[in-house]
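What follows is one structure encoded as structure tokens, with my remarks underneath.
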Amino acid sequence: MSHNRFMPFMPVRVPRKHVATLVAALVVLACIVFFFQSRRESRPLDVVAGRIGLKADDLTVMGARVASRSGATLGTSRRLVYLMACSGATTGTTLEAEATRAADLAEKRGLTPRQAATALLSQTPSTDAEEALRNC
């Protein structure tokens, strides 16, 4: 095929495998961006503990006590202690009792820690549970 002065730009054929690779790379990139954008912002444990007058170690130990009293797993109990403290709806003196109630609720109804905390906080008329747990 000789060069034709009336056709200055020759169409370039891109192999299909390169197009598929490019599409796959864009999908992976979109998934990574979506993952980081959709993550909830959480606060460090020492910041949450400080809000209610406790230390981070106090919350960690409290999670173990809640687990032993409620029968919930240690992970569920720690998450509930964190959520209840982060919500600001409890104080340092009532946190353990509230977290134990939430753990019992999670175990009996098969709820996630967030669902159990929301259900427990919803029982308090002056607390908007969704708003209290927004950044927790």
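Relative contact order of the chain, taken over Cα pairs closer than 8 Å and 6 or more residues apart, is 21 percent. Going from the residue with the fewest nearby Cβ atoms within 10 Å to the one with the most, Met84, Met62 rank Met62, Met84. Size descriptor for the chain, Kirkwood hydrodynamic radius: 18.0 Å (Cα pairs only, one decimal).
Helix 74-87 and the long axis of the chain differ in direction by around 90°, with both axes built from C-alpha atoms. If you run the Gaussian network model on the chain, springs between alpha carbon atoms under 10 Å, then out of Thr112, Thr76, Thr124 the most flexible one is Thr124.
Using a Gaussian network model of the chain in which every pair of alpha carbons under 10 angstrom is joined by a spring, one finds that among Gln115, Gln37, Gln123 the greatest mean-square fluctuation is at Gln37.
Taking Ala24, Ala103, Ala64 in turn, the Gaussian network model of the chain (Cα-Cα springs below 10 Å) assigns the largest fluctuation to Ala24. For the chain, the longest principal axis of the alpha carbon atoms and the long axis of helix 95-109 meet at an angle near 60°. Measuring how big the range 46-119 is from its alpha-carbon positions, Rg and Dmax come out at 10.8, 31 Å.
For Asp46, what is the net charge nearby, where nearby means another residue's Cβ is under 15 Å from its Cβ and Lys, Arg count +1, Asp, Glu -1? Summing Lys/Arg as +1 and Asp/Glu as -1 gives +2. Exposed loop positions in the chain were taken to be trypsin sites (Lys or Arg not before Pro) whose DSSP state is not H, G, I, E or B and which have at most 15 other beta-carbon atoms within 10 angstrom. Between these positions, the longest stretch is 56-133.
Each value in this text was obtained by applying a stated rule to the coordinates, not by laboratory testing. All values reported here derive from a predicted model rather than from experimental measurement. For neighbour counting, all protein chains shown are included, and Cβ atoms are generated from backbone atoms with ideal geometry for every residue, glycine included.
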